[in-house]
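What follows draws every value from the coordinates through simple rules; no lab data is involved. Just so you know, these numbers come straight off a predicted model, no measurement behind them. So basically every Cβ, Gly included, is an ideal-geometry build from the backbone, and we count neighbours across all protein chains shown.
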């Protein structure tokens, strides 16, 4: 049941631009593409910052991707076109779907619950963040690991819902273009732009309407930062 008094609290966040030498996860997984390495690394850092026991409750894993698997998809289908069935790499095939990357997080960290992947262009991560917040507000889960990834960068955040104030509180909404015109507008041309936006909001409270490069997708984000959690 939706509880409008519950605040969405950001427990931790992590940005990764290079794979980690070692991923801190209960179960080792074999990685195939760079985006996968980046996602697992960012998730590892964010979960570690959030503290032990984070994954013990009901948890959602929600990520967004933009063009992260375009390279592997092209390579896979090029092999099929060149050498027919024998050229179809069984290693690359799962990565013709974005959801395979998100699924690796649930396997590596033993998370059993809701998981989803958004592919909505430059604002994919922001839409994933909105959905994670909705799951928390509705009481479907107690915790959420939300993030996004490209071929070069991955970003992860840990979230929970509470009736109490946290160090950083987050409000997100999906809105129609031009519904909100009184706030600063951030035009997102790549998913990396949305990671920078999220980091900026974590450091300093504000309200931003994020619009993708086509103007078709809009996400409304507000953060309230407290000097100290109460």
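Key figures for this structure:
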item	result
Ascending count of other beta-carbon atoms within 10 Å, so fewest first, for 115, 125, 195	115, 195, 125
Residues 157, 59 arranged by fewest to most Cβ contacts within 10 Å	59, 157
